[in-house]
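S.K.: For reference, the structure I am asking about is given below.
Throughout, read-outs are computed from the coordinates displayed, never taken from laboratory work. Predicted model only: the values in this text are computed from it and were never measured. Positions of Cβ are backbone-derived with ideal geometry, glycine not excepted, and every protein chain shown enters the neighbour counts.
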Amino acid sequence: MPEFGYKPPKPLSSKRLLATLQKINRIISTRLVTSDNIPSSLNDYLVHDGRVTFSVRGEFELDLSIAEEDVMSQFYFIDIRFLFTPSSPIPKGRFFNELDSQINGILKTKGLSGCFDFIHNLVLVNKINILYKQAISLSRGQWIGALRVELLHRILVVHYWPDKSGPKSWLEIGAHSGRHQRQKVSYLGLRWVRDGKECEFPQIHFDTETLSMESVLRSVIAIHSSHILRAVYERLCTQNLFANHRLSISMQMSKTEPGNCRLNVQLTESRYLNASLEPVSGAMCIHTIPSLLCRLDKGSASDDDFVNRISRLRCIAAMEEIESEAKIFGWESVDHRKFKVDIRRVFPSNILRASFFRNRVWGSSWIIAATTSLSGDDWW
């Protein structure tokens, strides 16, 4: 207001501006070094350009400064940047101004500890919402009909393999209180329920810095698939054909990619089988080489189902080879029903398949039987 004799201040020279910023830096550094009220979560900081930048890995960078030299005066909010992806910078405008006012109010009444708690909780809620949106997108895209997504009291619940019979499976992502930790800081945690039972599995790929609902889901399903296939593998290994290494069996597991989880089974000398679970639906997928059967079965995919299906396929493949060789030697296949033979009474209970043959030179009173099971192939 020139009419009252007031003159605007002269703009600071570069030299004076640098001196002012250095002075503010010294004041801030002194306050931080002598203060006992800095929460341990904010111990990583850098004083520069008249401000202090607090860094919390995987969460945020917070810029604060001061307006007075008094050590009892509060810090003031300048800016915030999120350190996780995907995330967007907070746009300047109404929301930023409201955030500025709210953080400054917390800094005035609760100091740095209150400020950290507020922003930390804001980040956790933001991450949960991002994962929720990703889950919804998956359920409407390539995982359509295979996911059920809910957001309950800031807890994200994702049900997978909904058409699978029996107890259901799902995962939950939410903010854990951190009461059992030394620092007692809340964190983003994951709870996995597999076939109706909670499972402790720390090897699930859950990256809280690079948020990907699909990566979490594929990791959970890979571990679940490996669990089922391992149970099948262990049961088949007890059978004589595999225990005595007359036929080979191996399995491949993964903690991140369900497509890399499979069971490799030798059915006969020339036939093999690959068993896996279809990641999206959880259906049982069995493929034989050379092609004897390739099918996808929805519904139950328990280890019992896998063992029964593989056992039957092994016996079908073995019997096909036996029947083919029998024809070469001039043997004729005989329908056992003509003799009123009850296979379940004649042969041991583990026999899954039987065929009867006759040779012209033997006479009508003689027949031979071939049986197959996981204990081996026998002639009677």
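S.K.: For segment 128-231, state the average projected area of the convex hull of the C-alpha atoms over all orientations, rounded to one decimal in nm².
M.R.: With every direction weighted equally, the projected area is 7.3 nm².
S.K.: Rounding to the nearest 10 and keeping the result within 0 to 90°, find how far the Cα-based axis of helix 14-34 lies from the longest principal axis of the chain.
M.R.: Orientation of helix 14-34: about 60 degrees from the principal axis.
S.K.: Follow-up question, since we're still on this one. If you take every residue apart from SER373 with its C-beta less than 12 Å away from the C-beta of SER373, what net charge results, scoring Lys and Arg +1 and Asp and Glu -1?
M.R.: Taking every Cβ under 12 Å from that of SER373, the sum is +1.
S.K.: While we're looking at this one, here's another question. In nm, what is the difference between 0.36 nm times the number of residues separating ARG57 and SER40 and their Cα-Cα distance?
M.R.: 4.8 nm
S.K.: Next question. Mind checking the angle between helix 303-328 and the chain's longest principal axis? C-alpha axes, 0 to 90 degrees, to the nearest 10.
M.R.: That helix lies at roughly 40 degrees to the long axis.
S.K.: Let me ask you something else. Going highest first, how would you order 122-130, 22-30 by mean Cβ packing within 10 Å?
M.R.: The densest-packed peptide leads the list: 122-130, 22-30.
S.K.: Under the rule of at least 5 residues apart or a separate chain, name every residue whose amide H is placed under 5 Å from the amide H of ALA283.
M.R.: Result for ALA283 returns GLU278.
S.K.: Could you tell me the convex hull volume per residue, in Å³, taken over the Cα atoms of segment 182-295?
M.R.: 136 Å³
S.K.: With runs of 4+ DSSP H residues as the only contributors, calculate the mean residue ellipticity of the chain at 222 nm using -39,500 (n - 2.57) per run, divided by the residue total and rounded to the nearest 500.
M.R.: -11500 deg cm²/dmol
S.K.: Whose amide H sits under 5 Å from the amide H of VAL334, counting only residues 5 or more places off or on another chain, with H placed in the peptide plane?
M.R.: It is PHE356, PHE357, ARG358, by chain and number.
S.K.: In angstroms, what radius of gyration and Dmax does the chain have, counting Cα atoms only?
M.R.: Taking only Cα atoms of the chain, I get Rg and Dmax of 34.6, 135 Å.
S.K.: At a 10 angstrom cut-off on C-beta neighbours, averaged per residue, how do the peptides 81-91, 216-226, 39-49 rank from highest to lowest?
M.R.: So the peptides 81-91, 216-226, 39-49, ranked by packing, come out 216-226, 39-49, 81-91.
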